[in-house]
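The values are calculated or read from the model by the stated rules, or taken from the named source; none is laboratory data. Given the structure is predicted, the values throughout are model-derived calculations rather than measurements. Please note: Cβ atoms are built from the backbone with ideal geometry, for glycine as well, and neighbour counts cover all protein chains shown.
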Amino acid sequence: MKLLLTACAAAMLTAAFASGAMAQTMSKDEQIAQAVKAAPEALRAGATVVSYDAKGDPVVLREGNNGIVCTPNRQTTSYSVNCYGAALRAQRDFEAKERASGKDAKALAADTQAAMASGKLKPPPTGTAMYMLMGQTEASAKGMWVVLVPNMTAEATGLPTQPTEKGTPWLMRAGTPAAHIHIPQP
């Protein structure tokens with residue numbers, strides 16, 4: 001699970017720090033509206049929205065009430081917004097600081113794993129969800145929902161371990177601490 005969380009975090013944080021130019025040109029309300037697009041419709045209104053400044057410090061754009069945290073797009077060459085269960089917030093804040101200090105993805109992964117091993121960061125509980133919307137442009141972005149299910153197997157879940165039909169869920173990294181369910185969105 002640590003590897004999955006680190007890989008997802010690296011992708012999300014790369015998006016968050018690729019450029020601050022886009023977020024700086026958008027109003028707070030525009031950033032909030034954009035950030036929540038990755039979440040299921042029913043969760044959008046109650047989601048907390050957080051951006052990160054150049055130092056990696058969190059900037060809360062809107063306080064929510066439903067345990068979902070979303071971040072707006074910060075890229076200029078592609079589009080990526082994401083939301084996740086609040087259990088991942090401490091890890092995202094930690095990784096934002098690491099990224100802002102110039103750490104690459106490999107160093108970030110090692111530092112995150114070390115922080116989890118030492119107890120500085122707690123792993124999220126089974127079932128924690130992440131929602132992503134990524135593409136070259138907002139119009140071409142595709143959605144992906146991920147549910148963390150450490151050590152689960154195909155036999156236990158009844159899910160295939162490879163994508164089969166378009167839009168159907170599948171289990172990635174089955175039987176490992178990084179096992180998670182991918183649920184493609186239209």
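Laid out as a table, the results:
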read-out	value
Subset of segment 126-171 that is without any contact (Cβ under 8 Å) to a residue 12 or more places away in the chain and over 29 Å from residue 31 (Cα atoms) - its residue that is farthest from the chain's Cα centre (by Cα)	155
Selected residue (only one of 76, 112 is part of a helix (DSSP H, G or I), at pLDDT below 90 and not charged (D, E, K, R))	112
Flag if residue 77 is buried (at least 18 other Cβ atoms within 10 Å of the Cβ) and either closer than 27 Å to residue 142 by Cβ or of a type outside the set (Gly, Ala, Ser) (or both)	no
Within segment 93-114, considering residues that are touching a strand residue (DSSP E or B) at 6+ places or on another chain (Cβ under 8 Å) and surrounded by fewer than 21 Cβ atoms within 10 Å (Cβ to Cβ), the one farthest from residue 130 (Cα to Cα)	100
Criterion violated by residue 112 - all others in (1) under 24 Å from residue 170 (Cα atoms); (2) in contact with a helix residue (DSSP H, G or I) (Cβ under 6 Å, 6 or more places away or on another chain) satisfied	(1)
Among (1) in contact with a strand residue (DSSP E or B) (Cβ under 7 Å, 6 or more places away or on another chain); (2) basic (Lys, Arg); (3) over 19 Å from residue 72 (Cβ atoms) - the single one residue 142 does not satisfy	(3)
